[in-house]
Amino acid sequence: MSQENEIRAGYKALSDDDLDALLEMLDPEIELLTSGSFPDFAPVYRGYDGIRNFWDAIRAPWQWFQLEVERIVEGEDCAAVAVCFRARGKGSGVSTELHQGHAHWFRHGRTVKVSTHQSFEQALEAAGLSE
């Protein structure tokens, strides 16, 4: 079963500042593993409270940001997503662009785990989808 529409809707919710829409797509026991690209983030965020904490942390330094899905490779109950993160710093006004990879795992049509990676290739490997 394809999860592409849900994946795209989740990134749109992040970009549109719509936490409620994002939470609707996530399993209550969601686990988010961060890559270390942003040093102020915790290594792991768990459950809806963890996602709320992540939400606050990712928004704090940016005047605005957007996550653009560039590519999705799906497996049976997982997917790897190539993402472009674009943002402008609150205090500095400096724009940034960062290409990342995210691995997603699903249960009963909801995302149960996401791991973020510094490259799409790493996300493919984490999801067991590398060739």
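Every number here is computed from the coordinates shown, using simple stated rules; none is lab data. Just so you know, these numbers come straight off a predicted model, no measurement behind them. Methodologically, a virtual Cβ is constructed for each residue, glycine included, from the backbone with ideal geometry; neighbour enumeration extends over all protein chains shown.
Directionally averaged projected area (the chain, Cα convex hull): 7.2 nm².
Across segment 1-18, the residues whose backbone nitrogen lies under 19 Å from the label position 7 Å along the beta-carbon direction of GLN63 are 15-17. Select from GLU97, GLU121, GLU31 the residue whose mean-square fluctuation is largest in a Gaussian network model of the chain (Cα-Cα springs shorter than 10 Å). Looking only at GLU97, GLU121, GLU31, the biggest GNM fluctuation is shown by GLU97. Computed from the Cα positions only, the extents of segment 39-98 along the three principal axes stand at 43, 28, 17 Å, in decreasing order. If you bin all the Cα-Cα distances of segment 1-62 at 5 Å, starting from zero, the percentages per bin are 4, 17, 26, 27, 19, 6, 1, 0. Each label point was placed 7 Å from the Cα along the Cα-to-Cβ direction; for SER130 and SER2 their separation is 2.7 nm. Residue separation of ARG86 and ASP49 scaled by 0.36 nm, minus their Cα-Cα distance, works out to 10.8 nm of gained length. Computed over the chain, the per-residue total of -39500 (n - 2.57) for DSSP H runs of n ≥ 4 gives a 222 nm mean residue ellipticity of -8500 deg cm²/dmol, rounded to 500. Helix 4-15 and the longest principal axis of the Cα set of the chain meet at an angle near 10°. The string of couplings for segment 86-95 from the Karplus curve (6.51, -1.76, 1.60, θ = phi - 60°) is 10, 7, 10, x, 5, x, 8, x, 6, 8 Hz, one whole number per residue in order, with x for Gly and Pro. Taking the longest Cα principal axis of the chain as reference, the axis of helix 47-59 is set at about 40 degrees.
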